[in-house]
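The next block holds one structure in the form of structure tokens; read it before the comments.
Only the coordinates and a few stated rules stand behind these numbers; no lab work does. Quick caveat: nothing in here was measured; it's all calculated off a predicted structure. Counting neighbours? That spans all protein chains shown, and the Cβs are built from the backbone with ideal geometry, glycine included.
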Amino acid sequence: MISKYALIGFPVEHSLSPLMHEAGFKALNLKAEYHKLPLQIHELSRGLDYLRQNNYAGWNVTYPLKEKILPLLDFITPEARTIGAVNTVKVTDGLLQGFNTDGDGFVQSLVDRGYSLAGKKVVLLGAGGAAKSIAVSLLKNKASILVLNRTLNKAQNLVRQIASLGGNTEWGVFAPGDWLQEVDLLIQATSLGLKGEQYPFSIEGINPAAWVVDLIYSPTITPFLAQAAHQGCKTWNGLEMLLYQGALAWKIWLNREAPLELMRQALLTNQNGEESHDHKQ
Ligand code: NDP
């Protein structure tokens, strides 16, 4: 029998998750498929009925359903509850279990590069769902965090919500400051740059030894990331986070290691193809 997995959310058309997971399934000769299922908020309940009735073994959840799905699940990990969002669901004996692998996926991508977070000063730009998930994982790994967000009360709320986890967390205004010279790891977790927009402020003078990550992977180099590279910082985009949160989903769904390198190659091949295609236009 073929095991079925899916991505639910809206829009899902341009997602790279099917490409990545199916490359992994194929490499390991698994009888499994990964489908895209566009679902809007008002269709969520019916969509979950459809997934159950059609024996889907698990699915990923993306915008705008990550928070909305919580009341419809039978079990939610304490961490996903703290974050208030679920990005991975597993079906066990008809019961829906919700997990959040975004933050741990992000951290795993750093750890695999030999980066140790303990004692590091991290600045997180943004206070949305991705930022919150990452903040929880950073605190577990003993980093200190400064959250800067355009809407200040959202940064304050995020810090308040994760305060119970302990660790050193502060909030501040979305602007350059003394933090630039002190930061060890700068994470761009806003949606600014998805359309190639210029960043609203300069990071000139940033500690050149800082590592800078933009969660956006399309475009591959946002104007923000280009600024950081220009300042001499080590930079990369959100493709690795996508890969590692997908690998964590494999552990949840299949209880096995994902063929990470093959899945990475599938993502990179697609990205290079897209870029040369863009270039031709
Ligand atoms: P949310 O909608 O939850 O949060 C959006 C964030 O962006 C908020 O902090 C918001 O600030 C900020 N923002 C939006 N527009 C502006 C602007 N014009 N100026 C300043 N700040 C702005 O989104 P997510 O947290 O889910 O996603 C954030 C980014 O991370 C997206 O680009 C998404 O593609 C990427 N992502 C990447 C993943 C990966 O695997 N690589 C996984 C998940 C997300 P405010 O509160 O003021 O509105």
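Given the -39500 (n - 2.57) contribution per DSSP H run of 4+ residues, what per-residue ellipticity at 222 nm results for the chain, rounded to the nearest 500 deg cm²/dmol?
Result for the chain, helices only: -11500 deg cm²/dmol.
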- [ ] Write down Rg/Rh for the chain, rounded to two decimals, with Rg from the C-alpha atoms and Rh from the Kirkwood relation over Cα pairs.
- [x] 0.96
Open item on the list: Within a 10 angstrom radius of the beta carbon, how do Y56, Y5 rank from fewest other beta carbons to most?
Closed with: Y56, Y5
TODO: Would you work out the relative contact order for segment 1-83, in percent, from Cα pairs under 8 angstrom that are 6 or more residues apart?
DONE: 41 percent
Open item on the list: Taking the alpha-carbon distance from K195 and a cut-off under 20 Å, which lysines remain once sequence neighbours fewer than 8 residues away in the same chain are dropped?
Closed with: K280
TODO: Would you mind checking which residues have amide H under 5 Å from K234's amide H? H placed 1.01 Å from N; only 5 or more apart, or other chain.
DONE: V212
Task: V147 long-range amide H proximity, modeled H, under 5 Å - done: L124, E170, W171, G172
TODO: Working from Cα positions, state the angle (0 to 90°, nearest 10) between the long axis of helix 152-162 and the longest principal axis of the chain.
DONE: 60 degrees
TODO: Count neighbours as other Cβ atoms within 10 Å of each site's Cβ, and list the trypsin sites (Lys or Arg not before Pro) in segment 200-276 that are DSSP loop with at most 15 such neighbours.
DONE: R256
Task: Part-to-part distance (alpha-carbon centres) for segment 126-146 and segment 205-281, which is given in Å - done: 19 Å
Open item on the list: Order these by the 10 Å Cβ neighbour count, fewest first: E197, E43.
Closed with: E197, E43
Task: Equivalent ellipsoid semi-axes, segment 125-281, via Cα gyration tensor eigenvalues times 5, rooted, Å - done: 27, 23, 14
Task: C-alpha long axis of helix 102-111 to longest principal axis of the chain, angle in ° - done: 60 degrees
